[in-house]
Amino acid sequence: RSKSKGRNQLSFYAENMQEAFLQQYEMTNRLKNALVSDEFHLVYQPVIDMKSAGLVGAEALLRWSYDSNDISPDIFIPIAEKSKTINEIGQWVLDNALKQLSVWHKIDNSMFMSINLSPIQLSDQSLIPFIKACLDKYKINPEKIKLELTETALLLDNEKNLSMIQSLKKLGCLIALDDFGTGYSSVTHLYSFPIDTVKIDKSLMPTFSKHPDTLKVTKGLVAMINSLNLDITVEGVETTYDLNFCQGLNINNIQGFYYDQPLEPDAFKDKYLIKSKFHYLFSRHK
Ligand code: C2E
Ligand code: MG
Ligand code: MG
Ligand code: MG
């Protein structure tokens, strides 16, 4: 009896694995087609200055409408990375985010655009010329581009990736280390790579952290990053409690649901660009 139950269980798992495999196989094929079929779009999350509480930039985040569902980038990016489709998708993201920035710069030319790069893209020889061509095409100052990398990118193929990141810096782009405080979080990464901004992961915010000592760790991390004179952005600011906690730290920018979820371009413009322009005109006439 228990034996047959065990066997059923086994076949249950096998079926699930097969299903998962088929799903992944299907998704890989659908992903390859998604660019042609125009199934991607970008949403933008505001990045807010800690002191003035005003807008300083936006992070472009990719969305894929698959069978009329929006599926999470946490699911499809890893699949795109395995099939190397990520290089083409990544270029689509760069082109579209920079096009959007060139439009928004007509309203506020001080804002920056953050774009996530997959570690796979760092071994793509066409990345640098592609970014260069986009900057020329949209007449964008490279200092207004912040390329976000996670530590995985720094760990893989260290030498080659270091020289690629140096080339991106030479272009004039800013580099952010994303999700710091999770995974490896090696201190040496903070000074062996030319990083401008460290983004503290949301798991280190009061609302997310389960462990009572996490906030001590966050404070220590911030002090350490301050001592290296790097910019700090905190992610995942969801509540007033998170915001108050951040106000007690020496950080530059914040991002999170407390302000906004990632927004469709029109909503972003209405809420953060039109308003700030009026605010600017108003304060100039005072
Ligand atoms: P990320 O770069 O760390 O982006 C931040 C993620 O946290 C976003 O999830 C954002 O919606 C979410 N978030 C922002 N504020 C809050 C908050 O207050 N609370 C909570 N719970 N979440 C918040 P999203 O858009 O689902 O993206 C997930 C990840 O997918 C990104 O993490 C990034 O690693 C990857 N990703 C997204 N777009 C791209 C892209 O164009 N290229 C690449 N390579 N990766 C991307
Ligand atoms: Mg990011
Ligand atoms: Mg992050
Ligand atoms: Mg992340």
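The values are calculated or read from the model by the stated rules, or taken from the named source; none is laboratory data. What you see is a predicted model; the values in this text were computed from it and never measured. As a convention, Cβ positions derive from the backbone with ideal geometry for all residues, glycine included, and neighbour counts pool all protein chains shown. Side chains included, ligands, DNA and RNA excluded: accessible areas come from the protein's heavy atoms. Shrake-Rupley method; radii C 1.70, N 1.55, O 1.52, S 1.80 Å.
With Cα atoms defining each centre, segment 206-256 and segment 88-116 are spaced 27 Å apart in the structure.
DSSP beta bridges confined to the chain are antiparallel in about 40 percent of cases. Spelling out what I want: for every residue of segment 30-38, take phi, set θ = phi - 60°, compute 6.51 cos²θ - 1.76 cosθ + 1.60 (Karplus), and round to whole Hz; glycine and proline get x. For segment 30-38, the Karplus curve yields 5, 4, 4, 8, 4, 5, 5, 7, 6 Hz. In this structure, the residue pairs whose Cα-Cα separation is over 29 Å, taken from 144/202; 169/202; 99/219; 144/271, are 99/219.
Pairs 146/199; 137/160; 32/137; 139/160: which exceed 19 Å Cα-Cα? Listed pairs above 19 Å: 137/160; 32/137; 139/160.
Any chance you could give the angle, 0 to 90 degrees and rounded to 10, that helix 275-284 forms with the longest Cα principal axis of the chain? Once rounded, one gets 10 degrees.
Relative to the dominant Cα principal axis of the chain, helix 127-138 is inclined by about 50°. The charge dipole of the chain, taken about the Cα centre with unit charges on the Cβ atoms of Lys, Arg (+1) and Asp, Glu (-1), comes to about 280 debye, rounded to the nearest 20. The simple spin-label model puts a point 7 Å past each Cα toward its Cβ; for residue 244 and residue 35 those points are separated by 4.9 nm. Determine the per residue accessible area of segment 130-286 with all protein chains present and a 1.4 angstrom probe, expressed in square angstrom. On a per-residue basis, segment 130-286 sits at 53 Å². Working from label points 7 Å from Cα in the Cα-to-Cβ sense, the residue 152 to residue 21 distance is 2.3 nm.
Size of segment 55-205: Rg and Dmax of its alpha carbons, in Å, are 15.2, 44.
If you wrap the tightest convex hull around every Cα atom of segment 35-89 and split its volume per residue, you get 110 Å³.
Note on segment 29-124: with charges restricted to the Cβ of Lys and Arg (+1) and Asp and Glu (-1), its dipole about the Cα centre is near 100 debye. Across all C-alpha atoms in segment 88-177, the radius of gyration and Dmax reach 12.7, 41 Å. Amide H contacts for residue 112 (H built 1.01 Å from N in the peptide plane; partners 5 or more residues away or on another chain; cut-off under 5 Å): 57, 58. Taken about its Cα centre, segment 138-286 carries a charge dipole of roughly 700 debye when the Cβ of each Lys and Arg holds +1 and the Cβ of each Asp and Glu holds -1.
Ligands, DNA and RNA left out, the 1.4 Å accessible surface of segment 1-154 is 52% carbon and sulfur atoms.
Name the residue farthest towards the positive end of the dipole of the chain from the options 247, 58, 20, assuming +1 on Cβ of Lys and Arg, -1 on Cβ of Asp and Glu, about the Cα centre. So the residue we want is 247. Taking the protein heavy atoms of segment 176-216 in the context of the full set of protein chains, the accessible area attributed to carbon and sulfur is 57 percent at 1.4 Å. In terms of overall dimensions, the chain has a Cα radius of gyration and Dmax of 21.0, 84 angstrom. Against the longest principal axis of the chain, how steep is helix 158-171, in degrees 0 to 90 to the nearest 10, with axes from Cα atoms? With rounding to tens, the tilt is 30 degrees.
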